[in-house]
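Novice: Just passing along the structure, written as structure tokens.
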Amino acid sequence: MKKKYLVTSALPYANGSIHLGHVLEAIQTDIWVRFQKQIGNECYFFCADDTHGTPVMLAAKKANITPEDLIKVVRDEHFQDLSAFQVAYDNYYSTNSPENQHYAETIYNTLKKKGHIAERNIEQSYCDHDKMFLPDRFIKGECPKCSAKDQYGDSCEACGTSYSPKDLKNSFCAICGNTPILKESKHLFFKLQDFQPQLEEWLKPTDRLHDGARKKLQEWFQSGLQEWDISRDGPYFGFPIPGEIDKYFYVWLDAPIGYMASSSNKFANEEKFNEFWKSVEGEIIHFIGKDILYFHGLFWPAMLMGSDFSPPTQINVHGFLTVNGEKMSKSRGTFLNASTFLKYLDPEHFRFYMACRLGPNMDDVDLSFEDFVLRVNSDLIGNLINLVSRVSTSLLDKLDRTLGEISPSGSELLSELLGKETEIRDAYHERNYSKVLRIITTLGDKVNKYVNDQAPWVLIKTDPSKAQSVVTDSLNCAKVLFTYLAPVLPEISNQVSSLFGLDSLNYLNLSQRLEKVKIQPYSMLSKRVEEGNILKMIEENKELAKKAEGIAEKISKPEVNEETQLIGIEDLAKVELRVGLIESANLVEGADKLLQVKVNLGILGVKNVFAGIKSAYSPEELVGKKVVVVANLKPRQMKFGLSEAMLLASGKDKTLSLFVPDKSAEPGDLLK
């Protein structure tokens, strides 16, 4: 039966440019949507810019323009960059819209009427210098759980813990660097705990979430769901809360409602809108990064349940994008801008490479430029593009650019390709794009071998009719393969369909044979990646990172000890922090402070470490403990033996404390 899908990707925040991390998610979603449309399902792709919050307000103030003017410029830039990567939205909107305000107020008023909103006075961090309450991203300090420094006020990037800004240790205002004070203010709370039974039931279907994501959400159930602060004090750029004075909806309340607003703006029809948001007739599918699972897997469905809307059918969660093994971080200035990539490299090459790396789970995806060059030049250009270009140029010219009939051996090969349709369909639907590309490239190798064995460039001299059959076999196989590839490479597939004189390549004409028809003149479909362009792009990105680092330095001004040795962000990015499991720990004869431990680092094996932690830990209490390890430290020959890594800890002597990762972390996991 024909299915109906409303599909979304997470909303880019309107205070910065699109980077390749955003593009990864947009492409993952776009491939899925294109596939659904290709097989005849009714599928809509919605997104918007996330526009509210103090960061946008302050950025506009600094630029001496209104927030509305700022978000319009940013929205246009975001849409342009994402569209350049062939991401085809049915509507790309804004959360600062009348539709979004309408649904935000509707949901809030319904929740309040049903008794799911509480209010009480709370103590908040307040900057007396800037005369404002400090939102999550404008206060920094040490994580209350693992003591990692320079963490934002909502969650720790080192251990993943979520907390309140006032729980930060040694906190400071990220704007002026002053120590904030605590000040009381009335706040409104969504009683998330009211929906724990419904959420637990909602999570039971195995196709709702990946197992890893479900287990992560169940950890919060075990500790009991807490009330969620949904209000912010002015000054704040956002929607005023009905019935309140100088109170605004927290950006995370109205941000996911942007999905509803974007679809409402597109449909302009309440009946169509309700097919998805108030009915099981249509399915709601979200694509998000694992860093925002908490909001999409708990708060968002609970809000919808409590206000008589349909919760999501499925939430697809992906990992982070790393570049050459290093974390991309906008706040640290290590990200690659989409616009910079577009200046030097082909966006469809990026789509192809991401598809090669993307599976259905939450693993991080690494953009290794060495592997990128190899895969694109070998698998895409040398294999699949070559399959078309080698027979569509001078060889086909000698045949009056006309195909003949498919040969018996060609028909057998074509049947093998068509026989993979169901497996490829299933893999696309399950978001296992890497499997799709493995199947397609393997089939491409077989077709290329067939052409090599038949050698039509030799046959044309002695048996033009047979040469014509080989060319016909080859291009019919190419038609099938580029139909399979169309969701990944829409522009190249369109060029191939034009070459064949077809309107498009889709599953309706998948089995249609091209025989005794004229082929259009060949135009280059794609060209090889030039490594020099990658080097130029990296150099430009280094300059952008330096500028971003300078801006961050102006915003954040904590006190710095004059004796502290400062390092560049490029040095920090080299440090590889991984989860380690201590398998054994022993005293070191002749050493006052050292213990010798064996640390299991998963894929990196077991490493020997001499750690100066004897004053705080006994060997017995260390065995079985998970710790944070600097895994890529150059081995150091010590008096007592070779130390191959370093354990991270804070404090001194008896107060020393090892950094401990999240309980769900596994040995070898890379910390972001």
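The values are calculated or read from the model by the stated rules, or taken from the named source; none is laboratory data. Here the structure is a predicted model, which means the values were calculated and not measured. Methodologically, a virtual Cβ is constructed for each residue, glycine included, from the backbone with ideal geometry; neighbour enumeration extends over all protein chains shown. We work out accessible area using only protein heavy atoms, side chains counted, and drop any ligands, DNA or RNA first. Shrake-Rupley method; radii C 1.70, N 1.55, O 1.52, S 1.80 Å.
Novice: When segment 80-116 is examined, which residues are found to be closer than 30 Å to residue 490 by Cα, of a type in the set (Ser, Thr, Tyr) and buried (at least 16 other Cβ atoms within 10 Å of the Cβ)?
Specialist: Across segment 80-116, the qualifying residues are 89, 92, 93, 94, 95.
For (1) surrounded by 18 or more Cβ atoms within 10 Å (Cβ to Cβ); (2) farther than 22 Å from residue 99 by Cα; (3) out of contact with any Phe, Trp or Tyr (no Cβ under 8 Å at 6 or more places or on another chain), each residue gets a yes or a no:
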{"position": "205", "(1), (2), (3)": "no, yes, yes"}
{"position": "210", "(1), (2), (3)": "yes, yes, yes"}
{"position": "215", "(1), (2), (3)": "no, yes, yes"}
{"position": "236", "(1), (2), (3)": "yes, no, no"}
{"position": "239", "(1), (2), (3)": "yes, no, no"}
{"position": "243", "(1), (2), (3)": "no, no, yes"}
{"position": "252", "(1), (2), (3)": "yes, no, no"}
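Novice: Residue pairs, Cβ under 8 Å, 6 or more apart or interchain, first in segment 112-133 and in a loop (DSSP other than H, G, I, E, B), second of a type in the set (A, V, I, L, M). List them.
Specialist: 128/181; 130/175
Novice: Among 253, 217, which is within 24 Å of the chain's Cα centre (by Cα) and modelled with pLDDT of 95 or more?
Specialist: 253
Novice: Next question, about the same structure. Among (1) touching a residue at least 40 places away in the same chain (Cβ under 8 Å); (2) closer than 22 Å to residue 428 by Cβ; (3) of a type in the set (Lys, Arg), where does residue 513 come up short?
Specialist: (2)
Novice: Suppose the filter is part of a loop (DSSP other than H, G, I, E, B) and closer than 22 Å to residue 7 by Cα; does residue 301 pass it?
Specialist: The answer is no for residue 301.
Novice: Just the residues that are open to solvent by 10 Å² or more (accessible area, probe 1.4 Å), at pLDDT below 95 and under 25 Å from the mean Cα position of the chain (by Cα), please, taken from segment 39-61.
Specialist: 55, 59
Novice: Shifting gears a bit: Give 495, 468, 512, 520 a once-over and let me know the one that is over 30 Å from residue 40 (Cβ atoms) and polar (S, T, N, Q).
Specialist: Selected residue: 468, the only one of 495, 468, 512, 520 that is over 30 Å from residue 40 (Cβ atoms) and polar (S, T, N, Q).
Novice: Enumerate the pairs (first residue in segment 143-160 and at pLDDT below 90; second residue anywhere and of a type in the set (Gly, Ala, Ser) and in a loop (DSSP other than H, G, I, E, B)) with beta-carbon separation below 6 Å, excluding pairs fewer than 6 apart on the same chain, so at least 6 apart or on different chains.
Specialist: Note: pairs meeting the criteria are 156/148; 158/148.
Novice: Criterion first (part of a helix (DSSP H, G or I), exposed (fewer than 15 other Cβ atoms within 10 Å of the Cβ), at pLDDT below 75 and within 26 Å of the chain's Cα centre (by Cα)) does residue 546 satisfy it?
Specialist: Answer is yes for this residue.
Novice: Another question, then. Is it fair to say residue 353 is among the hydroxyl-bearing types (Ser, Thr, Tyr), at pLDDT below 95 and not in a loop (DSSP other than H, G, I, E, B)?
Specialist: Criteria not met by residue 353.
Novice: Take residue 376 and decide whether it is touching a His at 6+ places or on another chain (Cβ under 6 Å) and either open to solvent by 10 Å² or more (accessible area, probe 1.4 Å) or at pLDDT 95 or above (or both).
Specialist: Taking the combined requirement at face value, the residue satisfies it.
Novice: Would you mind finding the one in 226, 222 that is out of contact with any helix residue (DSSP H, G or I) (no Cβ under 8 Å at 6 or more places or on another chain) and open to solvent by 30 Å² or more (accessible area, probe 1.4 Å)?
Specialist: Every option except 222 fails the conditions.
Novice: Now for a different question. Which of the numbered conditions does residue 64 fail, given that it passes all the others? Conditions: (1) open to solvent by 40 Å² or more (accessible area, probe 1.4 Å); (2) at positive phi; (3) modelled with pLDDT of 95 or more.
Specialist: Among (1) open to solvent by 40 Å² or more (accessible area, probe 1.4 Å); (2) at positive phi; (3) modelled with pLDDT of 95 or more, the lone unmet condition for residue 64 is (3).
Novice: Just need a number here: residues in segment 117-157 that are surrounded by fewer than 17 Cβ atoms within 10 Å (Cβ to Cβ) and within 30 Å of residue 265 (Cα to Cα).
Specialist: Selection size over segment 117-157: 0.
Novice: Are any of the residues in segment 254-263 more than 17 Å from residue 111 (Cβ to Cβ), open to solvent by less than 40 Å² (accessible area, probe 1.4 Å), in contact with a Ser or Thr (Cβ under 8 Å, 6 or more places away or on another chain) and part of a loop (DSSP other than H, G, I, E, B)?
Specialist: no
Novice: Shifting gears a bit: Look at residue 275 and say whether it is modelled with pLDDT of 95 or more, open to solvent by 10 Å² or more (accessible area, probe 1.4 Å) and under 27 Å from residue 426 (Cβ atoms).
Specialist: Spelling it out, residue 275 is indeed modelled with pLDDT of 95 or more, open to solvent by 10 Å² or more (accessible area, probe 1.4 Å) and under 27 Å from residue 426 (Cβ atoms).
Novice: Would you please name the residue that is nearest to residue 303 (Cα to Cα), looking only at residues in segment 164-175 that are open to solvent by 30 Å² or more (accessible area, probe 1.4 Å) and at pLDDT below 90?
Specialist: Only one residue fits best here, namely 164.
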